[in-house]
Every structure is written in C-alpha cells, then in structure tokens.
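What follows is one structure encoded as structure tokens, with my remarks underneath.
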Amino acid sequence: DNELTYDLLLNLTTVIKAINNHKNIAFKYISYDIKDNALQEVYHTNGNLNPETYVISPYKLILRNSNYYLIGYFDKRPDSLSLYRLDRMRLVRNHKSKYFEGEQFDVDQIDNPINMYISGEKEDLEISFDQSIIKEVVDKFGQDNRVTKDYENRYHLIVKDVLINEGLIGWLMMLQDKITVIKPYSLKENMKERIEKTLKQYQ
C-alpha cells in the first residue's frame with residue numbers, strides 16, 4: 001500500500017503548510033457505498049451528481065488511533081468547526097480564497113468522541129446496520145470486510161478480532177437503532193442491559 005501512504009504524505013505536507021501559512025485548501029471527500037457485497041469509495045456530491053469540492057480554512061491536525069484528522073472551517077458552514085479524516089481526502093490542493101479567522105476553540109471538545117478507548121478482549125463481531133451509517137462503519141472497521149444484504153437498506157457484517165471495550169460500546173450506543181449487535185452474545189446482552197437502564201430513567 002505504498003501508493004496510499006505516499007498520497008497521504010503529500011496531503012499531510014500540503015495541509016501542514018496551509019495551516020502554518022494561514023492559507024485555504026480545497027479537496028474532494030469520499031464516502032462509501034456497497035456494491036457486489038463489497039465496500040467501495042464514492043465521492044460526496046453536491047446534489048447534482050458532481051463530486052463536491054470542499055474549501056477549508058485549516059486550523060489544526062490531530063492524531064487519534066493512528067488516523068490524522070483535520071479541524072477547520074468549511075466555507076459553507078463558517079459558524080462551526082468541521083472535522084475531516086485525512087485518509088478520506090482526495091485531490092488536496094491550495095486554494096486562493098480568503099482564509100477565515102474564526103474564534104478560538106477547544107480542541108478537546110471536538111476530538112473527545114474519537115478518543116474513547118479502554119483495552120478489552122478481542123472477539124469476532126457480527127452486526128446488522130443501516131445503509132445510512134456506511135461511512136461510520138468503514139471508519140471504524142475499514143473497507144476490506146465482506147458485507148451481505150439483510151433486507152432493504154440493511155446490511156450484515158462480520159469483523160474478525162475486534163477489541164470489545166467501552167469505546168466500542170459507546171460507539172454502538174451512539175448509533176442507536178441504526179446498528180444491531182448479533183454476536184458476541186455477551187456484548188449483545190451488555191447492550192440490552194445498558195439500554196434498559198437508560199429507558200428506566202425516562203419512566
């Protein structure tokens with residue numbers, strides 16, 4: 001995978017220079033779709049099937065769980081900071097538009113959801129998930145896993161040797177009814193208990 005590593009290095013260099021020089025960058029951003037039981041890259045579109053170009057005023061790079069994330073202002077959402085995974089950015093280049101000097105921000109507030117890992121046991125994880133969260137599933141487990149269709153807009157996935165820990169449980173809880181744990185049985189029961197406890201607080 002030297003080519004990917006090389007591309008990532010180029011993107012990293014472009015982004016770091018832009019941050020240091022207070023210059024904007026532009027790029028295409030990928031998401032994922034399922035075709036022939038495999039996860040495939042697709043570009044984010046802007047509603048008319050053309051890949052959308054993101055113009056960003058980059059502020060900071062953070063490294064979490066071996067992935068680089070860029071924090072910056074998207075020109076179409078200047079009222080709030082956005083977070084982008086560097087390995088999902090394509091065709092990164094400099095952009096001559098005006099750099100947006102936003103207010104000071106708390107990085108911890110932004111990257112907390114990414115950084116929640118406690119060591120646990122490794123087991124095979126079997127899940128059913130909604131098509132609307134393909135991006136989240138790929139971000140979590142990569143795109144090399146085989147997926148099968150359960151029924152309309154719902155897919156089945158088995159991932160080998162997944163670390164079962166609080167980080168994973170928090171991620172699963174966050175996705176609510178968009179994802180269902182099938183195996184391991186112990187994790188499924190743990191999830192049920194947590195959901196029941198939460199439900200009791202609202203009764």
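The values are calculated or read from the model by the stated rules, or taken from the named source; none is laboratory data. The structure presented is a predicted model; accordingly, all values stated were derived computationally and were not measured. For neighbour counting, all protein chains shown are included, and Cβ atoms are generated from backbone atoms with ideal geometry for every residue, glycine included. Ligands, DNA and RNA are stripped out before the accessible areas are found, and what is left, the full protein with its side chains, is counted by its heavy atoms. Shrake-Rupley method; radii C 1.70, N 1.55, O 1.52, S 1.80 Å.
Among the residues of region 151-159, is any in contact (Cβ under 8 Å) with a residue 40 or more places away in the chain, surrounded by fewer than 16 Cβ atoms within 10 Å (Cβ to Cβ) and farther than 14 Å from residue 125 by Cβ? Looking through region 151-159, none of the residues is in contact (Cβ under 8 Å) with a residue 40 or more places away in the chain, surrounded by fewer than 16 Cβ atoms within 10 Å (Cβ to Cβ) and farther than 14 Å from residue 125 by Cβ. In summary, residue 30 fulfils each of the numbered conditions (1) open to solvent by 30 Å² or more (accessible area, probe 1.4 Å); (2) aliphatic (A, V, I, L, M); (3) modelled with pLDDT under 90 with the single exception of condition (1). Need the failing condition index for residue 128 against (1) assigned to a strand (DSSP E or B); (2) crowded, with 17+ Cβ neighbours inside 10 Å, just the number. Answer for residue 128: the failing condition is (2). Taken over region 138-150, the residue count meeting the criterion of being surrounded by 13 or more Cβ atoms within 10 Å (Cβ to Cβ) and either small (Gly, Ala, Ser) or in contact (Cβ under 8 Å) with a residue 24 or more places away in the chain (or both) is 6. Of all residues in region 4-27, those that are open to solvent by less than 30 Å² (accessible area, probe 1.4 Å) have Cβ atoms under 9 Å from Cβ atoms of residues that are part of a helix (DSSP H, G or I) and of a type in the set (Gly, Ala, Ser), 6 or more apart or on another chain, in 24/18; 25/18.
A count restricted to region 147-203 and to residues that are more than 21 Å from residue 38 (Cα to Cα) and acidic (Asp, Glu) stands at 5. Listed by first and then second residue, the pairs linking a residue in region 67-95 that is more than 22 Å from residue 136 (Cβ to Cβ) and open to solvent by less than 50 Å² (accessible area, probe 1.4 Å) to a residue that is aromatic (Phe, Trp, Tyr) and not in a strand (DSSP E or B), with Cβ atoms under 7 Å apart and 6 or more places separating them unless they lie on different chains, are 73/100. What is the residue count in region 183-203 for residues that are within 20 Å of residue 158 (Cα to Cα), open to solvent by 100 Å² or more (accessible area, probe 1.4 Å) and part of a helix (DSSP H, G or I)? Counting residues in region 183-203 that are within 20 Å of residue 158 (Cα to Cα), open to solvent by 100 Å² or more (accessible area, probe 1.4 Å) and part of a helix (DSSP H, G or I) gives 1.
With modelled with pLDDT of 70 or more, in contact with a helix residue (DSSP H, G or I) (Cβ under 6 Å, 6 or more places away or on another chain) and of a type outside the set (Asp, Glu) as the only criterion, which of 64, 93 stands out?
Going through 64, 93 in turn, the sole match is 64.
Applying the set (1) of a type outside the set (Phe, Trp, Tyr); (2) at pLDDT below 85; (3) open to solvent by 60 Å² or more (accessible area, probe 1.4 Å); (4) not in a loop (DSSP other than H, G, I, E, B) to residue 39 leaves exactly one unmet item: (3).
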